[in-house]
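The values are calculated or read from the model by the stated rules, or taken from the named source; none is laboratory data. Note that the coordinates shown come from a computational prediction; the quantities given were computed from them, not determined experimentally. Every residue, glycine as well, gets a Cβ built from its backbone with ideal geometry; the counts of neighbours run over all protein chains shown.
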There are 2 protein chains.
Amino acid sequence: MEHGGDIYTEGILKGKKILDFSSNINPLGVPLKFKNNINEALKSVQVYPDIKYRFLKKYIVNYVKNGICNENIVLGNGASEIIDQVIGRIKSICIPVPSFIEYEKNAVKWNCKISFSELKDDMSYNYEDIYSKMEFLDALIIGNPNNPSGGIIDVSKFVPILDFCESNNKKIIIDEAFIEFTAENGFDFTRLVKKYKCIFVIRAITKFFAMPGIRFGYGISGDIDFINSIKKSQNPWNVNCFAEIAVKYSLSDKDYITKSLKWISEERNFMITSLNNLDIIEKAYETYSNFILCKLKYIDCNKLYDICMKNYIAVRKCDNFRGLDNSFVRFAIKDRESNSRLINVLKGGTVKGVC
Amino acid sequence: MEHGGDIYTEGILKGKKILDFSSNINPLGVPLKFKNNINEALKSVQVYPDIKYRFLKKYIVNYVKNGICNENIVLGNGASEIIDQVIGRIKSICIPVPSFIEYEKNAVKWNCKISFSELKDDMSYNYEDIYSKMEFLDALIIGNPNNPSGGIIDVSKFVPILDFCESNNKKIIIDEAFIEFTAENGFDFTRLVKKYKCIFVIRAITKFFAMPGIRFGYGISGDIDFINSIKKSQNPWNVNCFAEIAVKYSLSDKDYITKSLKWISEERNFMITSLNNLDIIEKAYETYSNFILCKLKYIDCNKLYDICMKNYIAVRKCDNFRGLDNSFVRFAIKDRESNSRLINVLKGGTVKGVC
């Protein structure tokens with residue numbers, strides 16, 4: 001299993017219903033405003049999308065704000081397409097690790113030279129190391145918050161890197177797939193794209209708006225030539241009409257956003273506290289997102305995975321993340337009932353029996 | 001306007017409702033079985049699709065038959081992605097023209113050397129010319145039926161090309177985006193993929209099943225190494241869950257298929273006869289699809305476009321198809337009411353006034 005979220009191999013294909021803690025999706029589910037307007041998508045499916053996606057970009061402009069215009073935006077069939085397109089334009093890249101494994105996979109695919117920068121023991125970025133590496137590289141790709149560690153970029157420590165990259169025509173790709181879970185705390189970098197042309201922010205509606213199946217991501221940058229070069233090599237009509245209608249109604253669903261922020265604030269605290277109280281958890285790392293990286297003790301992630309699976313729960317083993325090993329596991333944060341079920345399984349007799 | 005179907009620039013963005021004859025979509029609209037099961041898609045949107053799309057491929061296996069298995073299939077975010085991926089693996093290609101302009105655009109994008117083979121005056125393929133060119137080229141991409149001309153491949157004349165390419169390790173890419181409009185007449189080449197590894201068939205649900213907005217196409221080949229090489233370079237989860245559910249219910253919607261075949265048989269005859277009776281039509285070419293290429297007289301396609309647009313009708317000017325000029329236009333075949341409205345506009349006082 002390369003990614004979280006593969007509930008097919010062990011679950012659906014064997015007729016089992018799995019509670020999925022391996023994939024980091026908002027448990028509030030698909031925004032009601034989108035569901036209520038699904039007929040608009042069913043009407044539009046029989047015509048080609050606007051090849052320029054003018055309305056769709058306008059919805060994003062209204063949502064992101066910060067002076068962004070249509071021409072600062074490039075759209076993708078999921079954030080995956082944007083990551084692939086961006087890395088395909090770069091000759092050498094710094095990847096802090098552990099991080100989303102598609103960065104490395106895409107770099108390898110495009111023969112892009114990679115230099116890894118290991119996170120510190122507390123899972124914070126090693127800014128000095130990144131800075132020193134950037135002298136010899138074209139680009140940096142960095143999660144904000146980072147997956148699987150949950151940390152965010154410390155802007156004050158990051159500014160020297162930004163300034164250096166801006167002056168030396170390098171790219172800083174900031175993956176903000178999980179940014180909405182940080183609430184309105186000013187952690188997002190779209191507010192700096194007008195100041196720094198080197199910044200390229202990647203976003204999606206996958207995680208916070210709970211729609212991995214809809215396949216929609218976008219990139220934002222002040223470097224319009226770079227945006228246009230991606231557009232030129234993309235296939236026409238790369239975004240489906242359900243994604244367009246989902247963006248239209250979800251990004252403006254204030255009620256959904258408010259409820260989600262209340263939920264994440266409460267459940268993040270509950271989960272961090274509960275996990276840190278468990279015998280098998282050495283450390284649950286501080287998180288700004290909707291998942292928690294944990295270092296295990298007395299048990300490795302493969303055994304834990306098997307035990308959880310016997311209880312119809314999927315968790316994310318972290319041994320295939322560069323920089324981690326089989327003593328790490330990642331749990332999504334879900335609704336209270338599910339979270340309690342996980343915690344009970346983790347502290348239950350089955351786990352202890354193995355320890 | 002590069003493609004048909006851009007009803008945005010002249011239509012929606014100016015608040016006008018346009019009758020679209022420029023885009024070749026089944027007017028029966030989205031299959032009812034899919035509409036009735038849209039909630040299944042809304043449920044699945046909040047989980048990641050199966051990264052291997054095992055069920056989705058099974059629906060296609062059951063539909064295409066001819067001994068195809070899951071491993072013969074590669075899935076695309078629209079046929080566009082498949083065309084792009086296939087051409088990206090080829091160094092030199094024969095493109096009969098006129099044909100779908102994305103073939104040439106993709107070949108240029110990938111620095112693939114192009115040799116054009118002009119269709120004959122009756123818009124049939126020049127098989128001798130194609131055969132002679134294949135000696136020096138890696139691949140052929142050919143429409144079946146062809147867009148915009150509407151003709152199909154004459155299998156008996158095509159077999160020597162197939163045999164030559166099979167023996168010499170060359171690729172024959174057959175674009176069957178419109179194949180369902182030929183009914184069950186044995187024109188499709190999926191029945192030959194087991195015999196000829198050189199064949200790569202491209203399909204979509206865009207045209208016959210009336211879902212350009214859903215973005216789904218697929219490729220079929222007996223060359224499993226070639227299929228796997230495409231899969232390896234694709235982004236993960238490239239097909240959205242609405243497309244998956246649409247495939248599940250549309251390909252098995254017998255009632256929709258029967259009605260569509262009855263409609264196309266009746267309206268194709270009506271349109272060919274009506275168009276050939278018009279003063280401004282020098283020739284309406286024989287078609288096996290749901291569109292008709294016409295050579296104009298007394299008027300060029302730009303003037304005709306303007307007149308039609310004044311009547312809130314969009315038609316496809318053909319002057320940007322290589323091998324055609326401004327004396328050609330393409331009309332979709334729609335329902336009787338719409339077809340009659342078009343024919344009336346074409347023979348009406350407005351057009352005559354210009355002639």
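In the set B:Lys303, B:Lys295, only one residue is within 22 Å of the chain's Cα centre (by Cα) and basic (Lys, Arg); that residue is B:Lys295.
Where residues in segment B:14-27 are in contact (Cβ under 8 Å) with a residue 12 or more places away in the chain and either β-branched (Val, Ile, Thr) or in a helix (DSSP H, G or I) (or both), which of them is nearest to the other protein chains (Cβ to nearest Cβ)? Taking the candidates together, the pick is B:Ile25.
Within segment A:104-127, the set of residues being closer than 21 Å to A:Arg203 by Cα and touching a residue at least 60 places away in the same chain (Cβ under 8 Å) comprises just one member, A:Glu104. The numbered conditions (1) within 14 Å of another protein chain (Cβ to nearest Cβ); (2) in contact (Cβ under 8 Å) with a residue 24 or more places away in the chain are all true for B:Lys232 except (2).
In a strand (DSSP E or B) and more than 19 Å from the chain's Cα centre (by Cα): is that true of A:Lys283 in this structure? The answer is yes for A:Lys283.
The single condition among (1) charged (D, E, K, R); (2) in contact with a helix residue (DSSP H, G or I) (Cβ under 7 Å, 6 or more places away or on another chain); (3) without any contact (Cβ under 8 Å) to a residue 40 or more places away in the chain that B:Glu71 does not meet is (3). When you check B:Val74 against the structure, is it surrounded by 17 or more Cβ atoms within 10 Å (Cβ to Cβ), in contact with an Asp or Glu (Cβ under 8 Å, 6 or more places away or on another chain) and away from chain A (no Cβ under 11 Å), yes or no? No, not satisfied. Answer yes or no as to whether B:Ile172 is in contact with a strand residue (DSSP E or B) (Cβ under 6 Å, 6 or more places away or on another chain) and either assigned to a loop (DSSP other than H, G, I, E, B) or buried (at least 20 other Cβ atoms within 10 Å of the Cβ) (or both). Answer is yes for this residue. When each of A:Glu176, A:Glu102, A:Glu180 is tested for being over 30 Å from A:Lys33 (Cα atoms) and of a type outside the set (S, T, N, Q), the lone residue that passes is A:Glu102.
Could you tell me whether B:Asp50 is in contact with a strand residue (DSSP E or B) (Cβ under 9 Å, 6 or more places away or on another chain) and either outside any strand (DSSP E or B) or more than 22 Å from B:Tyr131 (Cα to Cα) (or both)? When the stated conditions are applied, B:Asp50 does not pass them. Taking residues in segment A:128-145 that are in contact (Cβ under 8 Å) with a residue 24 or more places away in the chain, and partners anywhere that are surrounded by fewer than 21 Cβ atoms within 10 Å (Cβ to Cβ) and among the polar types (S, T, N, Q), the pairs with Cβ atoms closer than 7 Å and at least 6 places apart or on different chains are A:Lys133/A:Ser115; A:Leu137/A:Ser92; A:Leu137/A:Ser115; A:Asp138/A:Ser92; A:Pro145/A:Thr182.
Residues that are of a type outside the set (Lys, Arg) and out of contact with any Phe, Trp or Tyr (no Cβ under 9 Å at 6 or more places or on another chain) within segment B:283-302 comprise B:Tyr285, B:Glu286, B:Tyr298, B:Ile299, B:Asp300, B:Asn302, listed in sequence order. The set of residues from segment B:8-50 being in contact with an Asp or Glu (Cβ under 9 Å, 6 or more places away or on another chain), of a type in the set (A, V, I, L, M, F, W, C) and under 30 Å from B:Asn235 (Cα atoms) comprises B:Phe34, B:Ala41, B:Val47.
Listed here are the residues, each with its yes/no results for (1) of a type in the set (D, E, K, R); (2) closer than 16 Å to A:Val201 by Cα; (3) modelled with pLDDT under 95.
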position	(1), (2), (3)
A:Asn147	no, yes, no
A:Gly150	no, no, no
A:Glu166	yes, yes, no
A:Asp175	yes, yes, no
A:Phe187	no, yes, yes
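When segment A:241-260 is limited to residues that are of a type outside the set (A, V, I, L, M, F, W, C), away from chain B (no Cβ under 14 Å) and not in a loop (DSSP other than H, G, I, E, B), the one that is surrounded by the most Cβ atoms within 10 Å (Cβ to Cβ) turns out to be A:Lys259.
Being of a type in the set (Val, Ile, Thr) and more than 9 Å from chain A (Cβ to nearest Cβ) narrows it down to one residue among B:Val30, B:Val64; which is it? Result: B:Val64 is the single residue among B:Val30, B:Val64 that is of a type in the set (Val, Ile, Thr) and more than 9 Å from chain A (Cβ to nearest Cβ). Looking at the structure I just gave you, is B:Cys318 without any contact (Cβ under 8 Å) to a residue 40 or more places away in the chain and under 22 Å from the mean Cα position of the chain (by Cα)? No: the conditions fail for B:Cys318. Applying a threshold of 8 Å to beta carbon distances and a minimum spacing of six or more residues, or different chains, the list of pairs starting in segment B:39-61 at a residue that is more than 16 Å from A:Asn240 (Cβ to Cβ) and more than 7 Å from every other protein chain (Cβ to nearest Cβ) and ending at one that is small (Gly, Ala, Ser) and surrounded by fewer than 22 Cβ atoms within 10 Å (Cβ to Cβ) reads B:Tyr59/B:Ser252.
The selection criterion, being over 15 Å from the mean Cα position of the chain (by Cα) and in a loop (DSSP other than H, G, I, E, B), does not hold for B:Asn228.
Within segment B:200-219, residues that are closer than 21 Å to B:Ile7 by Cα and more than 10 Å from chain A (Cβ to nearest Cβ) have Cβ atoms under 8 Å from residues that are aromatic (Phe, Trp, Tyr) and assigned to a loop (DSSP other than H, G, I, E, B) in these pairs: B:Ile205/B:Phe216; B:Lys207/B:Phe178; B:Phe208/B:Phe178, counting only partners at least 6 apart in sequence or on another chain. Go through the residues of segment A:6-13 one by one and say whether even a single one is more than 25 Å from the chain's Cα centre (by Cα) and more than 8 Å from every other protein chain (Cβ to nearest Cβ). No, the conditions are met nowhere in segment A:6-13. Please determine whether any residue of segment B:256-265 is of a type in the set (S, T, N, Q) and touching a Leu at 6+ places or on another chain (Cβ under 9 Å). Scanning segment B:256-265 turns up at least one residue that is of a type in the set (S, T, N, Q) and touching a Leu at 6+ places or on another chain (Cβ under 9 Å).
Give the residues of segment A:142-157 that are hydroxyl-bearing (Ser, Thr, Tyr) and not in a loop (DSSP other than H, G, I, E, B), sorted by residue number. Once the filter is applied, which keeps residues that are hydroxyl-bearing (Ser, Thr, Tyr) and not in a loop (DSSP other than H, G, I, E, B), segment A:142-157 yields only A:Ser156.
Summed over segment A:256-276, residues that are of a type in the set (S, T, N, Q), within 23 Å of A:Ile307 (Cβ to Cβ) and touching a residue at least 24 places away in the same chain (Cβ under 8 Å) total 1.
The residues in segment A:63-77 that are in a helix (DSSP H, G or I) and in contact with a strand residue (DSSP E or B) (Cβ under 8 Å, 6 or more places away or on another chain) can be counted, and the count is 2.
Take the residues in segment B:271-330 that are closer than 30 Å to B:Asp154 by Cβ, of a type in the set (A, V, I, L, M) and touching a helix residue (DSSP H, G or I) at 6+ places or on another chain (Cβ under 7 Å); name whichever of them is surrounded by the fewest Cβ atoms within 10 Å (Cβ to Cβ). The selected residue is B:Leu278. Where residues in segment A:78-133 are part of a strand (DSSP E or B) and among the hydroxyl-bearing types (Ser, Thr, Tyr), which of them is nearest to the other protein chains (Cβ to nearest Cβ)? For segment A:78-133, the residue satisfying everything is A:Ser92.
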